[in-house]
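The values are calculated or read from the model by the stated rules, or taken from the named source; none is laboratory data. Computed from a prediction, not measured in an experiment: that's the story for all the values here. No Cβ is skipped: glycine too gets one built from the backbone with ideal geometry, and neighbour counts run over all protein chains shown. Accessible surface is based on the protein model in full, side chains and every heavy atom, while ligands, DNA and RNA are left aside. Shrake-Rupley method; radii C 1.70, N 1.55, O 1.52, S 1.80 Å.
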Amino acid sequence: TWQAKENRVENRRAEFGLTEYFENRADGLEQGFILDAKPSGDENLSLILQTSGGLRAKASEDGQKIVLSDETGMEVLDYDKLKVWDANQTYLSARMTTDETGEIHFEVEDRNAVYPLTIDPTFVQSQKLTANDGAGNDQFGWDVAIAGDTAVVGSIGSDINSNNSQGSAYVFVRNGSVWTQQAKLVANDGSVGDNFGNSVAISGDTIIVSSPLDDFNSQNDRGSAYIFVRNGTNWIPQEKLIASDGADSDFFGGSVSISGDTVLIGAEFDDVGSDSDQGSAYVFVRNGGAWTQQQKLTASDGFEFENFGS
């Protein structure tokens, strides 16, 4: 039975006399186990976990850290900061080991422990990403996307020159287990308050970044989206996309998605017929280096204020 409270969720598994919990903390994601009673036998406690999804586990020699790597061998997470205590808040000696199958073993010296007993390791991020020119109120991380070894991060509050909150997006690439900033993307025709970076998406060597508050042809907040393509280590602007029938306050670009040569762009405040803010989504396709609008999608049974496309 799962229960949630604030930044913690618990799964009570009564049949095993076990409660598993996850707690989101500033230093990582704690995964803990509370055992109601000592298992049968005289040996020290051993709690065994299995990995899935291609993860491989390897313990450090001192037994205080587990490195989790993906199928390519790149480190993605550390399992660290193991703490074990009993009902009297007495800390117990414990270590982590792995075997040839990749199972994780928590070995606890519990001979004198008073149950229930808590085993508490923490998943630690492999790296924290920040903008190399970040400033207050940039809202770096407003939206994020990843494809393989490339990540893109939106920063809608970023000031560009004298344009407050024009917005930007940052590209990071991974080499081994280290992420470095490769590029900062901005709209070459951006202006104050465009919110460039509100939604980002990536497929292969193509990134789409939305600018839903972009004013176009004297229409306020009509919205737009920008395509960038990678050439070597450089990201080159390829095209600016706008809706063929866009209007004031459509918020075109409130959400974006991309797969190969096809992008989908939401316009959640688009008026459809007489229905205010019913919302719509636009499909664009690429032929060579040119993008064209292929279709506008709307709900056949839509009503006003449904924000289709959000």
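The local environment of residue 228, defined by Cβ-Cβ distances under 10 Å, has a net charge of -1 under the rule Lys, Arg +1 and Asp, Glu -1.
Dipole magnitude of region 99-213 about its Cα centre, charges +1 at Lys/Arg Cβ and -1 at Asp/Glu Cβ only, in debye to the nearest 20?
Working: 4 positive and 15 negative charges, 93 e Å.
I would put it at about 440 debye.
The separation of region 2-50 from region 66-91, counted between C-alpha centres, amounts to 13 Å.
Taken over region 185-228, the percentage of Cα pairs per 5 Å bin, counting from 0 up to the bin with the maximum distance, is 6, 25, 33, 20, 11, 5, 1. Positive end of the dipole of region 1-51 (Cβ unit charges, origin at the Cα centre): among 47, 24, 3, the Cα lying farthest that way belongs to 3. Size descriptors for region 192-287 (Cα atoms only): Rg and Dmax, in that order, 13.2, 48 Å. Dimensions of region 123-181 based on its C-alpha atoms, expressed as ranges along the principal axes with the largest first, amount to 38, 21, 17 Å.
The smallest convex shape that holds all Cα atoms of region 77-162, its convex hull, gives 176 Å³ per residue. Ranking 140, 181, 267 by Cα position along the charge dipole of the chain, where only Lys, Arg, Asp and Glu carry charges on their C-beta atoms, puts 181 farthest toward the positive end.
Could you give the semi-axes, largest first, of the ellipsoid that matches region 51-124, computed as the square roots of 5 times the alpha carbon gyration tensor eigenvalues and rounded to whole Å? Provide the component values of the computation, followed by the final result.
Numbers: eigenvalues 140, 25, 19 Å².
Result for region 51-124: semi-axes of 26, 11, 10 Å.
Under a point-charge model restricted to the Cβ atoms of Lys and Arg (+1) and Asp and Glu (-1), what is the dipole moment magnitude of the chain relative to its Cα centre, in debye to the nearest 20? Mind dumping the intermediate values first?
Working: 21 positive and 49 negative charges, 141 e Å.
Dipole about the Cα centre, nearest 20: 680 debye.
The listed residues 268, 43 rank as 43, 268 when sorted by accessible area, largest first, using a 1.4 Å probe.
For the chain, the calculated P(r), taken from all Cα-Cα distances in 20 Å bins from zero up to the bin holding the longest distance, is 27, 41, 28, 4 percent. Projected over every direction and averaged, the convex hull enclosing the alpha-carbon atoms of region 107-261 yields 13.8 nm². All C-alpha to C-alpha distances of region 1-112, sorted into 5 Å bins beginning at zero, yield P(r) values of 2, 10, 18, 21, 23, 16, 7, 2, 0 percent in whole numbers.
For the chain, the solvent-accessible area with a 1.4 angstrom probe is 52 square angstrom per residue. Annotation: Cα Rg of region 76-115 relative to the compact-globule expectation 2.2 N^0.38 Å equals 1.37.
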